[in-house]
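Okay, handing you the structure first.
The values are calculated or read from the model by the stated rules, or taken from the named source; none is laboratory data. Just so it is clear, the model here is predicted, and its values are computed rather than measured. Positions of Cβ are backbone-derived with ideal geometry, glycine not excepted, and every protein chain shown enters the neighbour counts.
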Amino acid sequence: MTGTEVLRRYVDALNRRDLPAMLDLLDPDVELLTRKGLRRGHDGVRAWLGEPYKELDVERVVDRMQVAGHVVVASGHIRHRWRESGVIADESEVAILAHIEDDRIVRLQTFDDEAAALAAAGLPAEDPAT
């Protein structure tokens, strides 16, 4: 499985809130760094995922992926939608930097935008004008 396949499967499982599928793709000692701070291991992921929102669905959409060795940067957006009406409550840009080894994510970090994730990965930002 390629790094992009691993990360796409993880995002899909995350969108479904399918914890067993997520954990299958995460190293037992994974480091997960999000806006909520650093979580370690599968227990840390369980604590981070927590309970679903009662009135909102959350969807992460990957628009683009860039790969360099064992590092994958996925960029797109995260959307919060009111469950009852289907109206989008909030939408913002998001990027994920994943380090993948042996078909498992060993470190995953979220960023507010693609440029920040690319910089953290040491990858050049592509010029959208070219």
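Looking at Arg60, Arg79, can you tell me which residue is touching a Lys or Arg at 6+ places or on another chain (Cβ under 9 Å) and more than 23 Å from Pro20 (Cβ to Cβ)? Give the steps one after another, and end with the answer.
Numbers: Arg60 fails: more than 23 Å from Pro20 (Cβ to Cβ).
So the residue among Arg60, Arg79 that is touching a Lys or Arg at 6+ places or on another chain (Cβ under 9 Å) and more than 23 Å from Pro20 (Cβ to Cβ) is Arg79.
Taking the range 50-80, which residues are of a type in the set (A, V, I, L, M) and under 21 Å from Glu91 (Cβ atoms)? Let's see the steps before the verdict.
First, the residues of the range 50-80 that are of a type in the set (A, V, I, L, M): 56, 58, 61-62, 65, 67-68, 71-74, 78.
Listed by number, the residues that qualify are Leu56, Val58, Val61, Val62, Met65, Val73, Ala74, Ile78.
Among Glu126, Glu55, which is touching a helix residue (DSSP H, G or I) at 6+ places or on another chain (Cβ under 9 Å) and modelled with pLDDT under 95? It would help to see each step written out before you state the result.
Details: Glu55 fails: touching a helix residue (DSSP H, G or I) at 6+ places or on another chain (Cβ under 9 Å).
Going through Glu126, Glu55 in turn, the sole match is Glu126.
Of all residues in the range 85-103, how many are among the β-branched types (Val, Ile, Thr), surrounded by fewer than 17 Cβ atoms within 10 Å (Cβ to Cβ) and assigned to a strand (DSSP E or B)?
Of all residues in the range 85-103, those among the β-branched types (Val, Ile, Thr) come to 87-88, 94, 96, 100.
If we keep only those that are surrounded by fewer than 17 Cβ atoms within 10 Å (Cβ to Cβ) as well, we get 87-88.
Pick out the ones that are also assigned to a strand (DSSP E or B) and you get 88.
Residues flagged as among the β-branched types (Val, Ile, Thr), surrounded by fewer than 17 Cβ atoms within 10 Å (Cβ to Cβ) and assigned to a strand (DSSP E or B) within the range 85-103 amount to 1.
Here's a follow-up. Looking only at the range 1-42, which residues are in a helix (DSSP H, G or I) and more than 24 Å from Leu56 (Cα to Cα)?
Here is the first cut: in the range 1-42, the ones in a helix (DSSP H, G or I) are 3-16, 19-25, 41-42.
The answer is Gly3, Thr4, Glu5, Val6, Asp24, Leu25, Gly41, His42.
Sticking with this one: When the residues of the range 1-17 are narrowed to those that are surrounded by 13 or more Cβ atoms within 10 Å (Cβ to Cβ) and free of Cβ contacts under 8 Å to residues at least 12 places away in the same chain, which ends up farthest from the chain's Cα centre (by Cα)? If you could, list the steps in order and put the result at the bottom.
Residues of the range 1-17 surrounded by 13 or more Cβ atoms within 10 Å (Cβ to Cβ): 3-15, 17.
Right, trim to free of Cβ contacts under 8 Å to residues at least 12 places away in the same chain and you get 5, 12.
Numbers: Glu5: 13, Asp12: 9 Å.
By that ranking, first place goes to Glu5.
For the range 67-84, check the following and say yes or no: at least one residue is among the charged types (D, E, K, R), in contact (Cβ under 8 Å) with a residue 24 or more places away in the chain, part of a strand (DSSP E or B) and surrounded by 12 or more Cβ atoms within 10 Å (Cβ to Cβ).
Let us first name the residues in the range 67-84 that are among the charged types (D, E, K, R), namely 79, 81, 83-84.
Add one more test, that the residue is in contact (Cβ under 8 Å) with a residue 24 or more places away in the chain, and what stays is 81, 83-84.
Subsequent filtering for residues that are part of a strand (DSSP E or B) retains 81.
Now drop any that are not surrounded by 12 or more Cβ atoms within 10 Å (Cβ to Cβ), which leaves 81.
Yes, that holds for at least one residue.
While we're looking at this one, here's another question. Within the range 7-25, count every residue that is closer than 19 Å to Phe111 by Cα and touching a strand residue (DSSP E or B) at 6+ places or on another chain (Cβ under 8 Å).
Qualifying residue count, the range 7-25: 6.
So which residues in the range 104-125 are of a type in the set (D, E, K, R) and either surrounded by 16 or more Cβ atoms within 10 Å (Cβ to Cβ) or in contact (Cβ under 8 Å) with a residue 40 or more places away in the chain (or both)?
Residues satisfying the conditions are Arg104, Arg107, Glu114.
Every residue, every condition in (1) under 12 Å from the mean Cα position of the chain (by Cα); (2) farther than 15 Å from Leu14 by Cα, yes or no:
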| residue | (1), (2) |
| --- | --- |
| Asp29 | no, yes |
| Asp43 | no, yes |
| Glu59 | yes, no |
| Arg64 | no, yes |
| Arg81 | no, yes |
| Ile88 | no, yes |
| His99 | yes, yes |
| Gln109 | yes, no |
| Gly122 | no, yes |
